[in-house]
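I have placed the structure first, in the form of structure tokens, so that the comments after it can refer back to it.
Quick note: the coordinates plus some simple rules give every number you see, no bench work behind them. All values derive from a computational prediction rather than experimental measurement. With ideal geometry, Cβ positions are generated from the backbone for all residues, glycine too; neighbour counts draw on all protein chains shown.
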Amino acid sequence: MPDRRTLLRCAALLPLAAGSARLFAAAPATPRFLLVFQRGGCDAASVMVPHASSFYYESRPSIAIARPSADASSAVGLDADWGLHPALREPFAGLLQARQAAFVPFAGTEDLSRSHFETQDSIELGQPVGGRRDFRSGFMGRLAGVLTGRAPIAFTDALPLAFQGQAMVPNISLRSVPRPVLDARQSELVASMYRGTALSGQVAEGMALRKDVSSELQGEMEKAGRNAVSSRGFEAEARRIGRLMRERYALGFVDVGGWDTHVGQGGATGPLAQRLGELGRGLAAFADEMGPAWRDTTVVVMSEFGRTFRENGNRGTDHGHGSVMWVLGGRSLPPVAGEQTALAPGSLLQNRDWPVLNDYRAVLAGIFARQFALGPAALGTVFPGAPAPLGGLA
């Protein structure tokens, strides 16, 4: 006899069968919610550029994003203080013009461990930090429990902690592993180009350093992703996710890895820019695939924490605290929301990180209150002991 997980996988695949999706079609007006979890700690100050802060440019001589201008490599202006990474300029052009994208800086959890795994767990559980934790109860599992008749699904290898609970939740794996930027053969080709030149020593040293650093950090960076789909994989699968959410499912979760950028993070271009572009194109494709249902859909993108405000000696960033939450949806949204503070040396947490001024539970509770008409009692079940919901984002 098949076990429970096999049955759930089979149930999840039903809408993919020829002709079957329409049989389960949800009404266009059904409220839908998708959480996109960036595992690895995405650099908030690159996603949401504090272009009015001279301290930002002093702190990031190699990786800062230029102030908004006519140059396509500069930040996309959101307001007088904030801009968006230029990799999101093209994919988010329609969403920004329609006021269907909002960004909440200084967002996150009260967990100060700066551990990928502990902080990811804290967020997915949605329970008060420091109290007794129930690892059989995630906040999306509790949300599925208070919403009747709203089918949930996880686009993950295994059921995420966020969906643990009493509700039966199917999961579908989307994971695909991209090729490294340079394999051994390509590295040798690059080195051979410079042999016998004045730069041969520097190139050889650089290649050796890259190999050493990669071997040291690759394990940590892969573990931080917890086998999540890559940003490239998400871009490729976004329309399939959209079709499933449009036709059958009202609650969805997908995790995207690759955000642990200790080395060679890049600025307007580079590895982080590439991943943001892939994620942005995937999200735009998802919105397009939703069709009329997009009007009643909300997507939240979040990471377990942000990264250090100052760049490190490897032109990257290290584990931080405060982050940024992206809120996308078919309703009119403010470009920037939540409590803010001017970025200066005295405003950083422990003189290194964005502080958390907007609890992620308050942000999500405000969305759930509007999206699903949840009252205080239901919100208290989803997020016990959470601060008051943040309004205006759904």
Could you give me the ³J(HN,Hα) list for the range 366-374, computed from phi with Karplus coefficients 6.51, -1.76, 1.60 and θ = phi - 60°, whole Hz, x at Gly and Pro?
x, 5, 5, 4, 7, 5, 10, 6, 7
Between the range 249-276 and the range 102-124, what's the alpha-carbon centroid distance in Å?
16
Could you put Glu110, Glu124 in order, starting from the residue whose Cβ has the fewest other Cβ atoms within 10 Å?
Glu110, Glu124
Taking the simple approach of a point 7 Å from Cα along Cα-to-Cβ for both Glu339 and Asp288, what is their distance in nm?
4.0
Dimensions of the range 242-394 along principal axes (Cα, Å, largest first)?
48, 34, 24
Per DSSP, the loop-located trypsin sites (Lys or Arg not before Pro) within the range 82-115 having at most 12 other beta carbons within 10 Å are Arg99
Diffing the range 103-111: the Karplus 3J(HN,Hα) column from phi (6.51, -1.76, 1.60, θ = phi - 60°), in whole Hz with x for Gly and Pro, holds 9, 10, x, 6, 9, x, 10, 7, 5
